[in-house]
Amino acid sequence: MASKRKKHAPNKHTPRQVPRKPRILWANPFCLLDTSSGASMSIREMLRQLAARGYEVGIVGATSFDAPKGVHRLRGVWDELQGYQGKVVRFQDDPLIHDVVVTNSTVRSQMTASEESAWLNLYTKYLDSFQPDLVFYYGGQTLDLLIPHEARLRGIPSAAYVVNGNYNSTNWCRDNDLVITDTKATSEYYKKNSGFHPVPVGKFIPKESVVPGLHQRKNLLFINPSRSKGAGIVVQLAWLLEQRRPDINFEIVESRGNWAQLVRQVTQELGDPRDALSNVAVTPNTDDMRPIYERARVLLAPSLWWESGARVLAESMLNGIPAIVTNHGGNPEMIQDGGIIIDLPAECFDKPYDHVPSNEALEPIIENIISLFDDEAHYDRIADNAKSVGEQLHNIEISVSRLTDTFEPLLAKRSGDKDFAELMKRQHKHSLYQKLPGVIYKKGQEPTVYDLKKINITDLTTPDNNEKESYDTRRLVDTDNLILPMRIIALDNGARLAGSSTLSPLLKTNAFSIISFDPDGHLNSSASLPSHEEFKYYPNAMLGDGSSINFHHRIDPSLSSSIPMEEEGDSGKKNLGARVIHSFPIPTICLDKITGLPTLDWLVLDGKNSAIQILKNGAKLISSTLVIDLEEIKKPSLHKSDEIEDIEKHLQDSGFIKITFNDLALDKMECSHQGSLATEAQPISENHLFIPSKKHCADLSDIDRTKLFLILKLGYPKNSDIEDYIYDNEICIAPHLTDEGGSSKEAVNSKEAIMPLTSGKILV
């Protein structure tokens, strides 16, 4: 009889194999903590939901944002982060961890080669150490193309996220395995126009994060006032309703766009130039939209570009707030019968989206708005439809299921378990592979960690406008708490401001944009010139009448000018430094013909070039200028006294008074050319500051009074005459321009407010 084989009990000490979590790596130079980017907010929520469902998630980013206001979530540590430029910091954003390369600029296009190299190095380290099963990303720029390429070399699949109509070529998706989007409309758009078929997965918005406890339903809401979002149309609608239905109030929430600038531009085209509209309230960028939706009755979203599916529409539907949208892109799909779909003239959809339609063309929209405010039964019916659309179409649980079902075939390959070394050697022409360490950061080189829950943000109080103490300049000069509808724009002819110690503190406030013309380019190689997106420096150019003019280089470079100079001193001796060694023609720019300059607040003129020509050819801009700083060089003589007298008379007629400084108004920095060859040739100057008279001050808007205060207080600090002027005329920061919520520098201004500085059209 055959003996039975004895069965052995399983070894209790043998470790049981536990299936590891699927690993997903998000990689992109844009920061997912950006509050001005709907795409970033969507991706962040996707990853949060995936992490909550058992996926292991890694994030590699940089401090690039869609708009400067997007740093809102990081405002409590933003200044501190500047000390880590070129390095990696870590944001603890439970349940996520963001490893981020700190860049010099928040603008993606200004990311330097060394910063891109640092980011790529961090990304490849993550690939080899984190060993993801899937790489997830968006973007079609050069660096972005390396994201799926590096993954493909290691046998890791990649997925791209596309939520706009800007991807016109097919090279960008050559190396990725999957493209996802938010709406069927965008999926069909790319299937028809480019041949690939993105998988629509919907929006990812937790209802509790956007729905308040109650709804007042009183405001007509518009979010992100940019031309492409239809802000020009909204300005025109507000302008029409201001007289017709002043009881209908608009609330504008700024993100990338700048409402005040658009009001000026559009009302100018409508023949009724305005700085503001009485039926409009502007709210700064925020990361908590619930109070805004609490006040909203109707959402306006007249997008003019191909918008895949505006995030605010999903939020509106979740709140049961009816929306009015254009019949374009994916927005009609987003609201279905939870709102009203409108048509606009075809010209409105052409870039740069600045066509002003006739009032008659907007009449149907006006009628729909009035109906939603006056007909309660009509409103309730559409509001119920909106709520139903929110529950069925924008339910985050359904969206997450679509996403995981779409990712699962790629994650099932468990590509992170592959031997990357062998794969990389096969791809390398010399069969080489540099084995990276098993950890991303060596011991002692770990990044500084910031816990978003612990970042301290101090709420600042609004000054009391009814008390004299509200004019205390020590309190009011805090520009971190200021919200201006646009930046203070300064033109600096002769580079006096650019060569002063005042420049850097002004730029750090984030309230100033400065254009500097340097005729002889003497600061061109100066290490002191800042690298700042709101400082534009133009060597070998100057303001004038639009013609060319001869500029004279002198033995002493500090005396170089475009007008004659006395070469004989008081003692009758020749001033060697004043002698001309070379003359050459340079172009001049007519002030009123500078393309796209929305306004001019501060004009700084040096004493070496004719001021009268500049003023004569800038009457339009100067009519609204707040401060004109005119330098008069007394020794050696460059200006005739009658020219100064003519200028003073002209500006007095325009409502200005003059304050004269016997010393320099702007403190000069040490420059390489300041060692003069002849002591007698050293310029001795007076500075004439032309500022609004008391009567003129009384007519200024709160915004202009705030700008005037900042120019005088920050541009000419510790000057007793300026202090007396400020107190005598009660010039201060208007209290309602401070943010009661305590927001910081990102709320000061938007990039779009200074388009002429960044568009390259300033000299056209």
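The values are calculated or read from the model by the stated rules, or taken from the named source; none is laboratory data. Since the structure is predicted, the reported quantities are computational estimates derived from the model, not experimental observations. Neighbour counts are summed over all protein chains in view; Cβ atoms, including those assigned to glycine, are modelled from backbone coordinates with ideal geometry. Heads up: the accessible areas ignore ligands, DNA and RNA and are worked out on the full protein's heavy atoms, side chains in. Shrake-Rupley method; radii C 1.70, N 1.55, O 1.52, S 1.80 Å.
Each row is one residue, and each column tells you yes or no for (1) of a type in the set (Lys, Arg); (2) open to solvent by less than 30 Å² (accessible area, probe 1.4 Å); (3) modelled with pLDDT under 90; (4) in contact with a helix residue (DSSP H, G or I) (Cβ under 9 Å, 6 or more places away or on another chain).
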{"residue": "232", "(1), (2), (3), (4)": "no, yes, no, yes"}
{"residue": "270", "(1), (2), (3), (4)": "no, no, no, yes"}
{"residue": "281", "(1), (2), (3), (4)": "no, no, no, no"}
{"residue": "302", "(1), (2), (3), (4)": "no, yes, no, yes"}
{"residue": "327", "(1), (2), (3), (4)": "no, no, no, no"}
**Prompt:** How many residues, within the stretch 498-523, are open to solvent by 10 Å² or more (accessible area, probe 1.4 Å), more than 27 Å from residue 584 (Cβ to Cβ) and either touching a residue at least 40 places away in the same chain (Cβ under 8 Å) or of a type in the set (Lys, Arg) (or both)?
**Reply:** 6
**Residues of the stretch 252-279 that turn out to be without any contact (Cβ under 8 Å) to a residue 60 or more places away in the chain and of a type in the set (A, V, I, L, M), as a count** = 5
**Request:** Answer with yes or no whether residue 702 is among the charged types (D, E, K, R), in contact with a helix residue (DSSP H, G or I) (Cβ under 7 Å, 6 or more places away or on another chain), farther than 14 Å from residue 626 by Cα and at pLDDT 60 or above.
**Result:** no
**Request:** Search the stretch 61-96 for residues being out of contact with any Lys or Arg (no Cβ under 9 Å at 6 or more places or on another chain) and among the aliphatic types (A, V, I, L, M), and hand back the single one that is most open to solvent (accessible area, probe 1.4 Å).
**Result:** 88
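Here is a yes/no grid of residues against (1) surrounded by 12 or more Cβ atoms within 10 Å (Cβ to Cβ); (2) touching a His at 6+ places or on another chain (Cβ under 8 Å); (3) modelled with pLDDT of 95 or more; (4) not in a strand (DSSP E or B):
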{"residue": "333", "(1), (2), (3), (4)": "yes, no, yes, yes"}
{"residue": "337", "(1), (2), (3), (4)": "yes, no, yes, yes"}
{"residue": "341", "(1), (2), (3), (4)": "yes, no, yes, no"}
{"residue": "353", "(1), (2), (3), (4)": "yes, no, no, yes"}
{"residue": "365", "(1), (2), (3), (4)": "yes, no, yes, yes"}
**Asked** Is it the case that residue 265 is open to solvent by 40 Å² or more (accessible area, probe 1.4 Å) and either among the acidic types (Asp, Glu) or under 20 Å from the mean Cα position of the chain (by Cα) (or both)?
**Response** yes
**Asked** So, in the stretch 185-211, of the ones that are open to solvent by less than 20 Å² (accessible area, probe 1.4 Å) and touching a residue at least 40 places away in the same chain (Cβ under 8 Å), which residue ends up farthest from residue 288 (Cα to Cα)?
**Response** 186
**Single residue of the stretch 202-218 satisfying the filter (among the small types (Gly, Ala, Ser) and part of a loop (DSSP other than H, G, I, E, B)) that is nearest to the chain's Cα centre (by Cα)** = 202
**Asked** Where residues in the stretch 124-145 are more than 26 Å from the chain's Cα centre (by Cα) and within 20 Å of residue 173 (Cα to Cα), which of them is most open to solvent (accessible area, probe 1.4 Å)?
**Response** 124
**Message:** Can you report the number of residues in the stretch 287-318 which are among the hydroxyl-bearing types (Ser, Thr, Tyr), over 22 Å from residue 235 (Cα atoms) and not in a loop (DSSP other than H, G, I, E, B)?
**Reply:** 0
**Prompt:** Which pairs have Cβ atoms under 7 Å, sit 6 or more apart or on different chains, and link a residue in the stretch 230-250 that is in a helix (DSSP H, G or I) to one that is of a type in the set (Val, Ile, Thr) and crowded, with 21+ Cβ neighbours inside 10 Å?
**Reply:** 232/266; 235/263; 235/266; 236/266; 237/365; 238/280; 241/248
**Message:** Condition first: exposed (fewer than 15 other Cβ atoms within 10 Å of the Cβ), touching a Ser or Thr at 6+ places or on another chain (Cβ under 8 Å) and aliphatic (A, V, I, L, M). Now tell me which residues in the stretch 437-450 satisfy that.
**Reply:** 439
**Request:** State yes or no: is residue 20 more than 23 Å from residue 120 (Cα to Cα) and out of contact with any Ser or Thr (no Cβ under 7 Å at 6 or more places or on another chain)?
**Result:** yes
**Complete:** Going through the stretch 525-562 in order, the residues found to be part of a loop (DSSP other than H, G, I, E, B) and closer than 27 Å to residue 617 by Cα are 534, 540, 541, 545, 546, 547, 560, 562
**Message:** Just to be sure before I move on: is residue 255 modelled with pLDDT under 95 and not in a helix (DSSP H, G or I) in the structure I sent?
**Reply:** yes
**Request:** Identify, from the list 386, 421, the residue that is surrounded by 17 or more Cβ atoms within 10 Å (Cβ to Cβ) and hydrophobic (A, V, I, L, M, F, W, C).
**Result:** 386
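Table: residues versus (1) in a helix (DSSP H, G or I); (2) under 20 Å from residue 209 (Cα atoms).
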position	(1), (2)
385	yes, no
399	yes, yes
402	yes, no
406	yes, no
409	yes, no
423	yes, no
431	no, no
**Fill in**
Exception for residue 99 within (1) over 25 Å from residue 423 (Cα atoms); (2) open to solvent by less than 20 Å² (accessible area, probe 1.4 Å); (3) at pLDDT below 95 falls at (3)
**Item:** Selection within the stretch 367-377 - assigned to a helix (DSSP H, G or I) and either open to solvent by 40 Å² or more (accessible area, probe 1.4 Å) or of a type in the set (D, E, K, R) (or both)
**Value:** 367, 368, 374, 376, 377
**Hits in the stretch 701-724 (condition: open to solvent by 10 Å² or more (accessible area, probe 1.4 Å), in contact (Cβ under 8 Å) with a residue 12 or more places away in the chain and part of a helix (DSSP H, G or I))** = 702, 703, 704, 705, 713, 714, 721, 723
**Message:** Just to check your reading of the model, which residue among 230, 271 is touching a Pro at 6+ places or on another chain (Cβ under 6 Å) and of a type outside the set (Lys, Arg)?
**Reply:** 230
